[in-house]
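Novice: Okay, handing you the structure first.
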Amino acid sequence: MFRAEVVGSMLRPKYLKDARQALERGTITPRQFKDSEDRAVDQVIAMQEGAGTDVVTDGEMRRFVFLGPISEAVEGIEPVPGGTPMPWFSAEGAADFTFPAAITGKLKKLRSVVCEEYSYARGRARKPLKVTVPSALSMFGLWDPKYSSAAYQDPFEMFADCAEIGRSEVQELVSLGCEYVQIDAPELATLIDPRVREWTDAMGMPADRMLAEGIDLINATVEGISGVHFAIHLCRGNNQGMWMAEGGYDYIARALFERATAFDTFMLEYDDPRSGTFEPLKLAPNEKQVVLGLVSTKSDREETTEELLGRIDDAARSFPREQLGVSTQCGFASSLFGNPITEEVEERKLRLVAEVAHKAWA
């Protein structure tokens, strides 16, 4: 059981962003770009290990967005004009966001993203290495009836194809020796907000199906695969400091904990009042682990050790303390652009996670 956890993505260094632009312009070769990616992975693994976390990732340095193992390695997704806006919010208020692409054809896997990620990082990491894979439902933002219904009459047919692709990525990881895989399922936590449910209903993805048939597809992505620790991560949206939803886990907790039975760990966003209370944790099976995402990646406000220890005490009133861990609430850069904090603050927040974990479970 890991107490000081990380979620996945880390801020991309400026030289890596510059290299990606140079590759698009054709001013550097693919090999030169890969050298920049390797350098960034080396840097971010060393940073996590130096911060003292129990687990490390490659920071998703090779992805444009956290959806990369599906969105960047399949056919059936194309740029589109005038997509349907999704409900997003920032500290300034509503900030509708429209994906510049949509699912336009049957999804077919072309290559494995995670194989390169794990194979390289395995040779660099001295601590347990985790790889993230997007959930079967995480592509819900790329479903648009205007463009997608010609390929899939029902979005859940598309989700089923995503589940097959995700499972194939997990199986590739297992064949390479990976022992820790995290499935990212932010879409589930966004359903706690009536505004999001209204949007998913209008798009043909009703919340009751997402929480039943949808969670079953996510569970099937990892079910029956042995020798691997599986975590599922939920947040309310994480895009350049913006979010999609607010509210407690009450609406989804029973479905999540009763249906996602193949997972060992539930990693849940809990960094601010938008996350609600710890009361829904009473529905979590006591033999599972719950990792509390108490440290925000959306803001450069730095939490204190005392504050976080107090919140762990609060959570322990709803779920066994010996089965808890602590992490950031999400990754630091769910896309290339990253959240509005600096790399220095990123490292300090990871150090705080490690310090709090080692004090809380000394």
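The values are calculated or read from the model by the stated rules, or taken from the named source; none is laboratory data. All values derive from a computational prediction rather than experimental measurement. When we count neighbours, we look across all protein chains shown, and the Cβ atoms used for this are built from the backbone with ideal geometry, even at glycine.
Novice: On the basis of being under 25 Å from Arg12 (Cβ atoms), crowded, with 20+ Cβ neighbours inside 10 Å and at pLDDT below 95, does Gly237 make the cut? Working first, answer last.
Specialist: Working: under 25 Å from Arg12 (Cβ atoms): yes; crowded, with 20+ Cβ neighbours inside 10 Å: yes; at pLDDT below 95: yes.
The answer is yes for Gly237.
Novice: Let me ask another. Tell me, please, whether a residue that is surrounded by 15 or more Cβ atoms within 10 Å (Cβ to Cβ), farther than 30 Å from Ala46 by Cα and in contact (Cβ under 8 Å) with a residue 24 or more places away in the chain can be found in the stretch 114-136.
Specialist: yes
Novice: With respect to the numbered conditions (1) among the charged types (D, E, K, R); (2) farther than 25 Å from Arg62 by Cα; (3) buried (at least 18 other Cβ atoms within 10 Å of the Cβ), which one is the sole condition not fulfilled by Arg317?
Specialist: For Arg317, the exception is condition (3).
Novice: Output the number of residues of the stretch 300-318 satisfying the condition of being outside any helix (DSSP H, G or I) and either free of Cβ contacts under 8 Å to residues at least 40 places away in the same chain or within 28 Å of Asn339 (Cβ to Cβ) (or both). Step through it out loud before you land on a result.
Specialist: Within the stretch 300-318, the subset outside any helix (DSSP H, G or I) is 300-304, 316-318.
Narrowing further to those that are either free of Cβ contacts under 8 Å to residues at least 40 places away in the same chain or within 28 Å of Asn339 (Cβ to Cβ) (or both): 300-304, 316-317.
The number of residues fulfilling the criteria is 7.
Novice: Given (1) surrounded by fewer than 18 Cβ atoms within 10 Å (Cβ to Cβ); (2) within 30 Å of Lys17 (Cβ to Cβ), where does Glu322 come up short, assuming only one miss?
Specialist: (2)
Novice: Now for a separate question. Return the only residue of Asp35, Asp42 being free of Cβ contacts under 8 Å to residues at least 12 places away in the same chain, closer than 28 Å to Arg348 by Cα and not in a loop (DSSP other than H, G, I, E, B).
Specialist: Values: Asp42 fails: free of Cβ contacts under 8 Å to residues at least 12 places away in the same chain.
Only one candidate passes the filter, namely Asp35.
Novice: Now, a different point. Name every residue in the stretch 1-27 that is touching a residue at least 12 places away in the same chain (Cβ under 8 Å), among the basic types (Lys, Arg) and within 30 Å of Leu268 (Cα to Cα), in order of residue number.
Specialist: Arg3, Arg12, Lys17 - these are the residues of the stretch 1-27 that are touching a residue at least 12 places away in the same chain (Cβ under 8 Å), among the basic types (Lys, Arg) and within 30 Å of Leu268 (Cα to Cα).
Novice: OK, next. For the stretch 240-257, which positions are surrounded by 23 or more Cβ atoms within 10 Å (Cβ to Cβ) and out of contact with any helix residue (DSSP H, G or I) (no Cβ under 6 Å at 6 or more places or on another chain)?
Specialist: The answer is Trp243, Leu256.
Novice: For the list (1) surrounded by 16 or more Cβ atoms within 10 Å (Cβ to Cβ); (2) touching a residue at least 60 places away in the same chain (Cβ under 8 Å), I need the number of the one condition that Met158 fails.
Specialist: All conditions pass for Met158, except number (2).
Novice: Among the residues of the stretch 165-190 satisfying the criterion of being in contact with a strand residue (DSSP E or B) (Cβ under 9 Å, 6 or more places away or on another chain) and of a type in the set (Gly, Ala, Ser), which is nearest to Leu142 (Cα to Cα)?
Specialist: If we take residues in the stretch 165-190 being in contact with a strand residue (DSSP E or B) (Cβ under 9 Å, 6 or more places away or on another chain) and of a type in the set (Gly, Ala, Ser), then Ala185 is nearest to Leu142 (Cα to Cα).
Novice: Would you be able to tell me the number of residues in the stretch 114-151 that are closer than 14 Å to Cys162 by Cβ and of a type in the set (Val, Ile, Thr)? Full working, then the answer.
Specialist: Keep residues of the stretch 114-151 that are closer than 14 Å to Cys162 by Cβ, which gives 133-143, 148, 151.
Among the residues that remain, those that are also of a type in the set (Val, Ile, Thr) are: 133.
Selection size over the stretch 114-151: 1.
Yes or no, residue by residue, for (1) closer than 15 Å to Ser327 by Cα; (2) surrounded by 16 or more Cβ atoms within 10 Å (Cβ to Cβ); (3) touching an Asp or Glu at 6+ places or on another chain (Cβ under 9 Å):
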| residue | (1), (2), (3) |
| --- | --- |
| Arg259 | no, yes, yes |
| Ala262 | no, yes, yes |
| Phe266 | yes, yes, no |
| Glu269 | yes, yes, no |
| Arg274 | no, yes, yes |
| Leu281 | no, yes, no |
| Glu302 | yes, no, no |
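Novice: Which ones in the stretch 17-64 are on the phi > 0 side of the Ramachandran plot and surrounded by 14 or more Cβ atoms within 10 Å (Cβ to Cβ)?
Specialist: Within the stretch 17-64, Gly52, Gly59, Glu60 qualify.
Novice: Now for a separate question. Looking at the stretch 322-349 only, could you name the residues that are farther than 20 Å from Thr265 by Cα and either among the small types (Gly, Ala, Ser) or not in a loop (DSSP other than H, G, I, E, B) (or both)?
Specialist: Hits for the stretch 322-349 are Ala333, Ser334, Ser335, Gly338, Glu343, Glu344, Val345, Glu346, Glu347, Arg348, Lys349.
Novice: Here is a further query. Assess whether Gly248 counts as being of a type outside the set (Val, Ile, Thr), at pLDDT 95 or above and in a helix (DSSP H, G or I).
Specialist: No, not satisfied.
Novice: Here is a follow-up. Looking for something among the polar types (S, T, N, Q), over 22 Å from Trp88 (Cα atoms) and in a loop (DSSP other than H, G, I, E, B) - is there at least one such residue anywhere in the stretch 222-240? Steps first, please.
Specialist: Of the residues in the stretch 222-240, the ones among the polar types (S, T, N, Q) are 226, 238-240.
Within this subset, residues satisfying the condition of being over 22 Å from Trp88 (Cα atoms) are 226.
In the following step, the residues that additionally are in a loop (DSSP other than H, G, I, E, B) were identified as 226.
Looking through the stretch 222-240, at least one residue is among the polar types (S, T, N, Q), over 22 Å from Trp88 (Cα atoms) and in a loop (DSSP other than H, G, I, E, B).
Residue-by-condition table, conditions (1) among the aliphatic types (A, V, I, L, M); (2) more than 18 Å from the chain's Cα centre (by Cα); (3) within 27 Å of Ala136 (Cα to Cα):
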residue: Gln43; (1), (2), (3): no, yes, no
residue: Glu72; (1), (2), (3): no, no, yes
residue: Trp88; (1), (2), (3): no, no, yes
residue: Ala95; (1), (2), (3): yes, yes, yes
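Novice: If a residue has to be in contact with a helix residue (DSSP H, G or I) (Cβ under 6 Å, 6 or more places away or on another chain), β-branched (Val, Ile, Thr) and either exposed (fewer than 13 other Cβ atoms within 10 Å of the Cβ) or outside any strand (DSSP E or B) (or both) to count, how many in the stretch 283-299 make the cut?
Specialist: Summing the residues that are in contact with a helix residue (DSSP H, G or I) (Cβ under 6 Å, 6 or more places away or on another chain), β-branched (Val, Ile, Thr) and either exposed (fewer than 13 other Cβ atoms within 10 Å of the Cβ) or outside any strand (DSSP E or B) (or both) in the stretch 283-299 gives 0.
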